[in-house]
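The structure under discussion appears below in the form of C-alpha cells.
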Amino acid sequence: MRYRALGGLRVSAVGLGAMPLSIEGRPDEERALATVHAALDAGVTLLDTADSYHLPGAEPGHNERLVARALASYGGDTSDVLVATKGGRGRPAGGDWTVNGSPRHLKAAAEASRKRLGVEAIGLYQLHKPDPAVPFEESAGALRELLDAGTIRLAGVSNADADQILKAREILGDRLVSVQNRYSPAVRDSEPALRLCAELGLAFLPWSPLGGLARSSLDGPSRTEGKQRFAVFHAVAAERGVSPQQLALAWLLARSPVVVPIPGASRPRTIRDSAAAADLLLTPEERARLDEAAGPA
C-alpha cells in the first residue's frame, strides 16, 4: 500500500467508502464486517462514513455503528486508521436526501456521530453538503466550534466549489484538511476544486470515483451512454491484467498527488481489488490514452 498526506497524517492512497454497507441492497452484517476487515488487511487506513448512510426513514447512523463494530472486532492494530464521517444530510422516509447545514444541527449531529463511533474525538468531520438555506460561513463556523471544543480533530467539506473551499479555509485555517467531491472518469466538473486543493495542500477525496465504469446510488438510474468513450479503460486494463475499476482508480491517483479515492465496496474481493490500485503505476503512454478517453474536464 502506498500512502498520501491528509493534514498532518498519513493515510492509504485508496480508502473505503462504507456507504454500500448500509443503504439499499446492503449485505448482511457478516459480509459487511468482512468487507471492512478485508480493507484493513489490504492496508486501507481511511474509512469514509456518514450519519445519513442508512435505509430511508430508519436507523440513522447505521453505517457509523457498523464501522465502529468492524474496528472493534478486527484482530489487528487499528491505531493508524482514520475514520472520516459527515453531517448535514438526512434520509427520511421516502428516500430523498435532505440537507441541513445549520450550526445547531451540525453540532448535535457531530456529537451523536462521536458517540456512535465510540471515540473521544472524531478524526475527520466533514460538512456533507452546503445548505442553500444557510450561509456557508455559518456552517463552516460550526466546524470551527467543533474543533475548538475538541469534538473533532480535523475538518473537511464535501460537495463544495472552489469559492466555498476558500471560504472554509479562511474560517478554519490549516485545520481544514480535505475536500470530498464527486470526481471520476465520467464526472470532471470538480477539476477546479482539485486544482485548488493541490495549491492549498488539501487532500481531495473523490466519491463515486468509478463513474463511467460503475455507478453509486447517488448517481441516479444506471445508463448505458458513454460505454464507447470508456472502452479504452477496459482495453488498457486487459493489457495490464487488472480490472477496469482498478485501472480507473490508478488513473485518478495519477491525476494529482493529493487525490485519495474512496471507492465503495460491499464484498471483500471488491475492496481488495480497489486497494491494489495504489500500487498500479501507469506508464506515460497509458496515462495519455486514458486522458484522451476521459476528455477535457
Considering only residues that are open to solvent by less than 20 Å² (accessible area, probe 1.4 Å) and more than 18 Å from the chain's Cα centre (by Cα), which ones fall in the stretch 152-179?
Ala168, Leu172
The residue that is farthest from Leu6 (Cα to Cα), considering only those in the stretch 141-166 that are touching a strand residue (DSSP E or B) at 6+ places or on another chain (Cβ under 9 Å) and assigned to a helix (DSSP H, G or I), is Ala142
Condition first: closer than 15 Å to Leu253 by Cβ and surrounded by 21 or more Cβ atoms within 10 Å (Cβ to Cβ). Now tell me which residues in the stretch 17-45 satisfy that.
Val44
So Ala133 clears everything in (1) free of Cβ contacts under 8 Å to residues at least 40 places away in the same chain; (2) open to solvent by less than 60 Å² (accessible area, probe 1.4 Å) except one condition, right? Which one?
(2)
How do the pairs read when you match residues in the stretch 182-195 that are farther than 10 Å from Ala297 by Cβ with residues anywhere that are aromatic (Phe, Trp, Tyr) and open to solvent by 20 Å² or more (accessible area, probe 1.4 Å), using Cβ under 7 Å and keeping only pairs 6 or more apart or on different chains?
Arg182/Trp207
Looking across the stretch 180-202 at residues that are among the small types (Gly, Ala, Ser) and assigned to a helix (DSSP H, G or I), the single one that is surrounded by the most Cβ atoms within 10 Å (Cβ to Cβ) is Ala193
With the checklist (1) surrounded by 23 or more Cβ atoms within 10 Å (Cβ to Cβ); (2) part of a helix (DSSP H, G or I) in hand, flag the one item Pro261 doesn't pass.
(2)
Between a residue in the stretch 85-109 that is crowded, with 21+ Cβ neighbours inside 10 Å and modelled with pLDDT under 95 and any residue that is of a type in the set (Val, Ile, Thr) and assigned to a loop (DSSP other than H, G, I, E, B), which pairs come within a Cβ distance under 7 Å, given they are 6 or more apart or on different chains?
none
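The values are calculated or read from the model by the stated rules, or taken from the named source; none is laboratory data. Quick caveat, the model's predicted, so the values are computed rather than measured. Methodologically, a virtual Cβ is constructed for each residue, glycine included, from the backbone with ideal geometry; neighbour enumeration extends over all protein chains shown. Surface areas here come from the heavy atoms of the whole protein model, side chains and all, with no ligands, DNA or RNA. Shrake-Rupley method; radii C 1.70, N 1.55, O 1.52, S 1.80 Å.
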